[in-house]
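*Asks:* Encoded as C-alpha cells, here's the structure I'll be asking about.
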C-alpha cells in the first residue's frame, strides 16, 4: 500500500528544480529589500522540520555571508534585545505559515524593532502577513503531516537567498555564485538515482528495521542538523523512540544506551574523521544492535549490505539533499508494513488541543 509521503519523496527533484527555475522572480523582492540593509548577524528560526531545514542551510549561509549565522526554535530565541535589532536580519520558516509559536515570535520581534522575513508556502498565511517581507516556498502542496518536499525546499530557498544576497552585497565573486548553481544542478540531477537506491536499500532491510525498538541518527559537526531531521521524521511516522546526536555528544556517554533493539544510522562524508564513527558502529553491534553506514561517494549510488553510498557533488554544503533520504524513505515505506496509515487524519480528541498550528 502506497501513501502520499512516498509520492512526495519521489517528486523532490522536480520541486527543487522548480524553485531554481523561479528563484529570480520569487526571491528578488527579498534581495532588493535587504541588499543595502546594515547587517552584522543573521538568525534563522522555525519549529519542527522548518527549524531543521534552516539549521541545515545555516553553514552555507555563514560561508556566503561572512558573518555569524544562528539557528534556533522560537522557544530558544529569548536572547533578543533591542540593542541588536538594527543590524540583525531574522529569517523564519513555516511551510503552512500557521505555526503558532513562530507567529508569536515574529510579532514579538517586530515590536522590538527587528527586521523579519518569512519563508512560507502561502503569501496570505498569518506568519507571512506578520513579517516585513514574504519569500515564497514554491513547491506543490504536501497533504501530509511529516514533510519531505517542504524540508528540502526550505533548505534550497534559504541557500539561494543567502547566495544572492551575498553576491548583491559584494561579499562573494561571480565564480562562487556560479559554482553554487552548478553544484545545485548536479545535486538535483543525482537525486532521482539516490532515491531509487535508497528505496531498494530500505526494502532489503525492512524486516530488520521493523524489529527495531529505538533509532539513533548521528552526524559529525554540522551534519548533526541532518541527523536531527532524520530522527524527527522517524518518530513522526514509525512512532518508535528516535534520537539524534552529534558524534562528539554521543561519544560522551549516550552511546552506552545501545542494546538489542537499537538501530544506528550514521550519516558520514568522505572528508570527515572516520575512525571514531567506525568504532561507534562497532559498539552498537557489540551491544547487540544494528548499525547502518550512510555515506557520500562520487561514484554512488550503491548498496553494500547494510551500508548505503549516495552520489554527491563534493560540496559539503549540499550533503543534506542526499543524507536526508534514508530517514525520509524509511519514514514513508515502513509504516504501511506496521499498519500505520500516514494519510489518515487524526480523530484523536487530543489532536486539536495539542495542535501547534492555527
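Since every read-out is calculated from the coordinates, none of them should be taken as a lab result. These numbers were taken from a predicted model, which means no experiment stands behind them. Here the Cβ is made from the backbone with ideal geometry for all residues, glycine too, and neighbour counts use every protein chain on show.
*Asks:* Please report how far the C-alpha centroid of region 17-88 lies from that of region 97-168, rounded to the nearest whole angstrom.
*Replies:* For region 17-88 versus region 97-168, the Cα centre distance is 10 Å.
*Asks:* Between 0 and 90 degrees, rounded to the nearest ten: what's the tilt of helix 49-65 against the longest Cα principal axis of the chain?
*Replies:* Here the helix axis deviates by roughly 60 degrees.
*Asks:* Applying a 10 Å radius around every beta-carbon, put 193-199, 296-302 in order of their mean neighbour count, most first.
*Replies:* Numbers: 193-199: 19.6, 296-302: 15.7.
Top of the packing list down: 193-199, 296-302.
*Asks:* I've got another one for you. Can you give the Rg/Rh ratio of the chain, where Rg is from the C-alpha atoms and Rh is the Kirkwood radius?
*Replies:* On the way: Rg = 19.9 Å, Rh = 20.8 Å.
My calculation of the ratio gives 0.96.
*Asks:* While we're here: Take every DSSP beta bridge whose two residues both sit in region 192-338, then give the antiparallel share in percent to the nearest 5. The partial results should precede the final answer.
*Replies:* On the way: 3 of 23 bridges.
Among the beta bridges of region 192-338, antiparallel pairing accounts for roughly 15 percent.
*Asks:* Points 7 angstrom from Cα along the Cβ direction at residue 358 and residue 25: gap in nanometres?
*Replies:* 2.7 nm
*Asks:* Could you give the length gained on full extension between residue 276 and residue 4, defined as 0.36 nm per residue of separation minus the Cα-Cα distance, in nm? Spell out each step's value before the answer.
*Replies:* Values: separation 272, 0.36 × 272 = 97.92 nm, distance 3.80 nm.
Roughly 94.1 nm would be gained on extension.
*Asks:* Please give the FRET efficiency for residue 18 paired with residue 210, using the beta carbon to beta carbon distance and R0 = 30 Å, rounded to the nearest 0.05. Display every interim value, and only then the final one.
*Replies:* Values: r = 35 Å, r/R0 = 1.16.
Taking R0 as 30 Å, the efficiency between residue 18 and residue 210 is 0.30.
*Asks:* Follow-up. Using a basic spin-label model with each label point 7 Å from the Cα along Cα→Cβ, how many nm lie between residue 129 and residue 108?
*Replies:* 2.2 nm
*Asks:* Under a GNM of the chain (C-alpha, springs under 10 Å), which listed residue has the highest mean-square fluctuation: 59, 140, 270?
*Replies:* Top of the fluctuation ranking is 270.
*Asks:* Taking only Cα atoms, what is the 0 to 90° angle, nearest 10, from helix 12-34's long axis to the longest principal axis of the chain?
*Replies:* For helix 12-34, the angle is close to 30 degrees.
*Asks:* If you don't mind, there's one more thing I want to ask. From Cα pairs below 8 angstrom and at least 6 apart in sequence, can you work out the relative contact order of region 192-338, rounded to a whole percent?
*Replies:* Working: 267 pairs, mean separation 41.2, N = 147.
Value for region 192-338: 28 percent.
*Asks:* Calculate, in nm to one decimal, what residue 239 and residue 340 gain on full extension: separation in residues at 0.36 nm each, minus their alpha carbon distance. If you can, show how the numbers build up before the last one.
*Replies:* On the way: separation 101, 0.36 × 101 = 36.36 nm, distance 0.91 nm.
Extra length available between residue 239 and residue 340 comes to 35.4 nm.
*Asks:* Give, to the nearest whole percent, the P(r) tail of region 247-301 beyond 17 angstrom, counting all Cα pairs. Could the numbers behind the result be given before it?
*Replies:* On the way: 541 of 1485 pairs.
Looking at region 247-301, the distances longer than 17 Å represent 36 percent of pairs.
*Asks:* Treating only the Cα positions of region 4-172 as identical point scatterers, give the base-10 log of I(q)/I(0) from the Debye formula at each q in 0.09 Å⁻¹.
*Replies:* -0.26
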